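Here the structure comes first, spelled out in structure tokens, and everything after it is commentary.
Laboratory data are not the source of any read-out in this text; all were calculated from the coordinates shown. What you see is a predicted model; the values in this text were computed from it and never measured. Cβ placement follows ideal geometry from the backbone for every residue including glycine, while neighbour counts extend to all protein chains displayed.
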Amino acid sequence: MGILDDISASLQKGDTSKVAEFTEQAIVSNIEPKAILDDGLLSGMAIIGEKFKKHEIFLPDVLLAAKAMYAGMDLLKPLMIKEGIPTIGKVVIGSVYGDLHDIGKNLVGIMLKGAGFEVIDLGNNVPAQKFIETAEESGAGLIGMSALLTTTMPTMKKTIELAKERGLYGKIKFMIGGAPLSSDYAGEIGADAYCFDGVNAVERAKEFLGVG
Ligand code: B1M
């Protein structure tokens, strides 16, 4: 078994210290951070998602896997963020109200920072008003919302409607992401883009803020 399989297997077992140890080893072996992320951490988390769906594992197992995922991500983070680069635009991000899933949103934040954006991360469980007020106060031209639950997706629509009410629609761009979303849904609620991953989010953010 290769080191990336070891990371994936340890993540599935929720073994935080092993995930950290193997991630460290992979970094020292000069494996690309993106490969460690995609083929180690994320591939393990995808299997966890499948097993959870089939009721082969339960919520505490998913929580442990998420904790282990963060142990690996924390080690990769400095490698993914280039230090000292000037900021090229301001982005407000958060997981929407009712949604506690924040791994994907955090990854997107890391990638945006790595690309030179100033990221205001509101965390998870963020109500519509908080997104809009923060963007207004900070002068951010872009709001990125994440949702992993079908039940929390409506907050995205609510946020965009609030921007319309306040005359901010068009001035602030909206991108949305998360497993249950799609381009169709983005179109339906008036979001400017659906982003399927962090790389895609960086591309769209650059496009919207007229940089790169
Ligand atoms: Co939950 N959960 N979970 N969970 N969980 C899912 C989402 C689920 C699909 C599992 C399943 O049934 N297969 C299911 C949702 C079903 C649905 O709505 N249709 C589910 C459920 C049901 C629940 C609970 C309701 C379970 C319960 O309590 N009975 C509960 C809800 C809690 C809540 O939010 N109120 C719950 C809880 C949890 C944990 C807390 C245990 C944990 C989250 C820990 C954390 O985030 N800190 C958890 C986890 C880990 C998962 C799965 C297994 C993995 C999610 C993840 O982190 N993926 C997930 C199954 C799955 O998604 N296959 C599942 C890795 C992450 C990197 O991917 O978030 O998709 P993702 O992000 C990607 C892209 O989507 C995109 O870029 C990222 C990087 O590539 N992206 C963006 C995401 N946001 C973006 C924003 C952007 C741009 C791109 O712009 C800003």
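If Lys and Arg each add +1 and Asp and Glu each add -1, what is the summed charge of the other residues whose beta carbon sits under 14 Å from the beta carbon of residue 132?
Numbers: positive: 130, 157, 158, 164, 166, 171, 173; negative: 133, 136, 137, 161, 165.
Local net charge: +2.
In whole Hz, with x marking every Gly and Pro, tabulate ³J(HN,Hα) for region 58-63 from phi via Karplus 6.51 cos²θ - 1.76 cosθ + 1.60, θ = phi - 60°.
10, 3, x, 5, 5, 4
Just order 101-114, 56-69, 188-201 by mean Cβ neighbour count inside 10 Å, highest at the front, would you?
Result, highest mean Cβ count within 10 Å first: 101-114, 188-201, 56-69.
Can you give me the long-range amide H partners of residue 88? Hydrogens built in the peptide plane at 1.01 Å from N, cutoff under 5 Å, separation of 5 or more residues or another chain.
117, 118
For residue 118 and residue 149, what is the calculated FRET efficiency with R₀ set at 25 Å and r taken between the beta-carbons, to the nearest 0.05?
On the way: r = 28 Å, r/R0 = 1.13.
The formula returns an efficiency of 0.35 here.
Using Cα positions and a limit of under 13 Å, work out the aspartates and glutamates in reach of residue 54, with same-chain residues fewer than 8 apart set aside.
The qualifying aspartates and glutamates are none; the list is empty.
Near residue 53, which lysines are there with a Cα under 24 Å away, not counting those fewer than 8 places off in the same chain?
Output for residue 53: 13, 67, 105.
Going by amide H atoms built from the backbone, whose H comes under 5 Å of the H on residue 93, apart from near neighbours?
Answer set, sorted by chain and number: 120, 121, 122, 144.
Go through region 150-159 residue by residue and turn each phi into a ³J(HN,Hα) via Karplus (6.51, -1.76, 1.60, θ = phi - 60°); whole Hz please, and just put x for glycine and proline.
Residue by residue, region 150-159 yields 4, 6, 9, 4, x, 4, 5, 4, 4, 5 Hz.
Assuming R0 = 45 Å, what is the FRET efficiency of residue 55 and residue 166, from their Cβ-Cβ distance, to the nearest 0.05? It would help to have the intermediate numbers written out before the result.
Numbers: r = 44 Å, r/R0 = 0.98.
Once rounded, the FRET efficiency stands at 0.55.
What list of ³J(HN,Hα) couplings, whole Hz, do you get for region 22-29 from phi and the Karplus terms 6.51, -1.76, 1.60, once you set θ to phi - 60° and write x for glycine and proline?
Listing the rounded values in order: 5, 5, 4, 4, 5, 5, 4, 7 Hz.
In deg cm²/dmol, rounded to 500, what helix-only [θ] at 222 nm does the chain give when every DSSP H run of at least 4 residues adds -39500 (n - 2.57) and the total is split over its residues? Don't skip to the answer; put the middle values down first.
Working: 9 runs with 110 residues, N = 212.
That calculation yields -16000 deg cm²/dmol at 222 nm.
Which aspartates and glutamates have a Cα lying under 13 Å from the Cα of residue 171, excluding residues fewer than 8 positions away in the same chain?
136, 192
Taking R0 as 35 Å, what's the FRET efficiency between residue 138 and residue 28 from their Cβ-Cβ distance, rounded to 0.05? Write down the numbers at each step before the final one.
On the way: r = 39 Å, r/R0 = 1.10.
FRET efficiency, residue 138 to residue 28: 0.35.
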